[in-house]
């Protein structure tokens, strides 16, 4: 536990410092000819934190529930996954040249972190907040768990830039790359026609709050109909997961109940998500761009689907896990707004600062309390690979 606190804290603080330095610099520079162009992403203060992330998570052992499956597949040279072309080819390449598994996992972490942070290259001001919530909200653990889908997810987040630019060919190309790492990414192809014009689908705050409440109602209806749904769910999981996850009435009910819970962290996030919905009009006015509209769209879709199908139901949530990361992204944008927003209403500014401080303290408390109280077999505590040899 102590080692986990030290390693995670060191990595998190180092990345935070580097990205804060990067955020202080202008995103755009003036050329000798007097033209304005975007500042290059290829600077040491941006690359070092990504490399540090890759090194630390390359050297890990048994961090993430699926880690041992990928490790055994890599060492034993048997397939892990469903034959995705790029992931299989990537793995075979490393196996054939005899690369140690720490480098294999390090490169995977490098791909994940690079595409995720590179997606925000035009908004480098948000990078310190992104890395804060990536750790404090626990999103980094999904990257360590659902390795293949997490690679596809990070590539897709980058691909969203091409929806904003209305460049369908590059968007579809990067989606195909994502599909090469996880078949479920095929669903992401549908979002270009939906979002290319920058339409804001969620403008009515009252309707959004009603939908949020409805998500919990649907969840209760779902649980009450469990006796009738289990055979259908078993058939569904046999198709999507090739019997990797086994569901009985008892196990599914237990998993849903365990994850849903009533802990303070769970309730805090519900309150936070509702608060962001209440602030949504102000946030859209503050950022005032198509990129933020896209981010908010996936944030709200992620929130609704999360509360309908809690994360414990792995197979049920598989199609929606691409959207859950947008809570972390939205928390970053919300925190930045709270810190930087100005106005004539001084009381509102003070309230925003107070919410910001409460947000930071709460997430720090949740993160470290989770590390302290979790069980040794949770696959959360950090171990170096050489400690297991």
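No value in this document is a laboratory result; all are computed from the given coordinates. Please read these numbers as outputs of a predicted model, since none were measured by experiment. With ideal geometry, Cβ positions are generated from the backbone for all residues, glycine too; neighbour counts draw on all protein chains shown.
Would you please classify the overall shape of region 120-163 from the alpha carbon gyration tensor, given that a ≥ b ≥ c denote the square roots of the eigenvalues, rounded means a/c under 1.5, and beyond that prolate means a/b larger than b/c while oblate covers the rest? Verdict is oblate for region 120-163. Peptides 272-280, 73-81, ordered by how many other C-beta atoms sit within 10 Å of their residues on average, highest first, read 272-280, 73-81.
For the listed peptides 297-304, 171-178, 99-106, 207-214, a ranking on the average number of other beta carbons within 10 Å per residue, highest first, reads 297-304, 171-178, 99-106, 207-214. For residue 349 and residue 268, what is the calculated FRET efficiency with R₀ set at 30 Å and r taken between the beta-carbons, to the nearest 0.05? Efficiency, from the Cβ-Cβ distance: 0.80.
Taking label points 7 Å from Cα along the Cα-to-Cβ direction, residue 224 and residue 187 give a separation of 2.6 nm. Across region 1-159, C-alpha contacts under 8 Å between residues 6 or more apart give a mean separation that, scaled by the residue count, equals a relative contact order of 31 percent.
Shape of region 179-223 from the C-alpha gyration tensor: oblate (a/c of 1.5 or more and a/b not above b/c, with a ≥ b ≥ c the square roots of its eigenvalues). Distance between the pseudo-spin-label points of residue 278 and residue 216 (7 Å out from Cα toward the beta carbon): 1.4 nm. Between residue 103 and residue 378, the FRET efficiency from the beta-carbon distance, with R0 = 25 Å, is close to 0.45. As a length-normalised measure over Cα pairs under 8 Å and 6 or more apart, the relative contact order of region 38-112 settles at 49 percent.
Counted residue by residue at 0.36 nm each, then reduced by the alpha carbon distance between them, the extension gain from residue 368 to residue 207 reaches 54.4 nm. The fewest-to-most ranking of 157, 2, 349 by surrounding Cβ atoms within 10 Å reads 2, 349, 157.
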